[in-house]
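Read the structure below first, then the notes.
The values are calculated or read from the model by the stated rules, or taken from the named source; none is laboratory data. Because the structure is a prediction, the values reported are computed rather than measured. So basically every Cβ, Gly included, is an ideal-geometry build from the backbone, and we count neighbours across all protein chains shown.
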């Protein structure tokens, strides 16, 4: 992720913090729980794109799924940045570690 992306995430966190009336620890917990809500919306969009609910039929498109996936990513970034002001470096190091162990594995 580039610096501009993380700068935007930082501004979103600052905006959310300014609008919140909750204690910081409660706000963090709610932002972590928001991830589950957003993941559920991905599932709902996939079910809707496949028309798997006979009562509702086709209610979503694959573009809707993409949008919901973006919401999950952004929500995770906000939660990480809320928990750790060095979120960009934490994520970069974690991604490098995952890539190192996954992409160099000879199965």
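Look at (1) at pLDDT below 95; (2) closer than 15 Å to residue 80 by Cα and you find that residue 10 fails only one, number (1).
Can you confirm whether residue 83 is over 13 Å from residue 6 (Cβ atoms) and over 20 Å from the mean Cα position of the chain (by Cα)? Please lay out each step first, then the result.
On the way: over 13 Å from residue 6 (Cβ atoms): yes; over 20 Å from the mean Cα position of the chain (by Cα): no.
No: the conditions fail for residue 83.
Among the residues of segment 55-69, is there at least one that is within 10 Å of the chain's Cα centre (by Cα) and closer than 21 Å to residue 6 by Cα? Taking every residue of segment 55-69 in turn, at least one turns out to be within 10 Å of the chain's Cα centre (by Cα) and closer than 21 Å to residue 6 by Cα.
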